[in-house]
Amino acid sequence: MWEIKALRDEPLPLFAAASAREQQLVPETSEQPVALKPMTGGREVVEDYGHLGLTLRDHPLAFVRKDLARDRYVSCAEAMGAKDGRSLKAAGLVLVRQMPGSAKGVMFISVEDETGVANLVVWPTLYEKQRRVILTASMLGIDGRIQREGDVVHLIAYKLFDLSDLLASIGGRDAPFPLPHGRGDEFARGPSAPDPRSAPPKGPKARDIFIPDLHIDTLKQNSRNFR
């Protein structure tokens, strides 16, 4: 990344003529090699989000999962799979905040971690009490209770925590990142058996199929003349 962002090694056009006269490169166009410390896994994720808005590496919350577990936060998948009425704590990146006009002041928030998405319900009294946290936090911690009605699961929030500072710390964290490879990547997986999808299709060829009703003369007779 450093090399991509750096100036090119050859002289810039503005200085090329002067350098030719002096038979030497001007100091501005020659840099000594710089050895930088490799980026941490967390910093790579931060750079990905900054440039692309997404990452193929680990989810940001994967880098702080131990910290969350120490504070007894469960994953979103575990929260959404919990029994009705269970009290728990969950955390995630804020994806969506919405307050429909027909909801009578109730706010619905979707948060995400490395395991999935959790749906929150914030009652009007809690919204008024913690408005700043709800509207400004990029990462929320939720202390609440599971409400399950059939396949619809919500986490009813009792108290919310702004965990944006914890999210901001992932740039200095590191973790191994096993780059996923496709099944056809022979460099990573070695030669594999031939792909069955590349085999010629079985059955008669298209030119061997004859359907009397679709003969060109029949089509001409049944068609309309628009001239």
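When restricted to residues that are open to solvent by less than 30 Å² (accessible area, probe 1.4 Å) and over 14 Å from Leu167 (Cα atoms), the stretch 56-77 contains 4. Of all residues in the stretch 71-99, count the ones that are in contact with a Leu (Cβ under 7 Å, 6 or more places away or on another chain) and in a loop (DSSP other than H, G, I, E, B). The number of residues fulfilling the criteria is 1. Residues in the stretch 110-164 that are of a type in the set (Asp, Glu) and more than 24 Å from the chain's Cα centre (by Cα) were compared, and the one that is least open to solvent (accessible area, probe 1.4 Å) is Asp143.
Per the listing Gly105, Gly92, the residue uniquely within 20 Å of the chain's Cα centre (by Cα), open to solvent by less than 60 Å² (accessible area, probe 1.4 Å), closer than 24 Å to Arg132 by Cβ and not polar (S, T, N, Q) is Gly92. Per the conditions (1) modelled with pLDDT of 65 or more; (2) over 13 Å from the mean Cα position of the chain (by Cα), the sole criterion not satisfied by Gly53 is (2). Per the conditions (1) modelled with pLDDT under 90; (2) more than 20 Å from the chain's Cα centre (by Cα), the sole criterion not satisfied by Ala79 is (1).
The values are calculated or read from the model by the stated rules, or taken from the named source; none is laboratory data. What you see is a predicted model, and the numbers here were worked out from it, not measured in a lab. Backbone-built Cβ (ideal geometry, glycine too); neighbour counts: all protein chains shown. The protein model used for the area step is the full one, side chains on, heavy atoms only, and it has no ligands, DNA or RNA in it. Shrake-Rupley method; radii C 1.70, N 1.55, O 1.52, S 1.80 Å.
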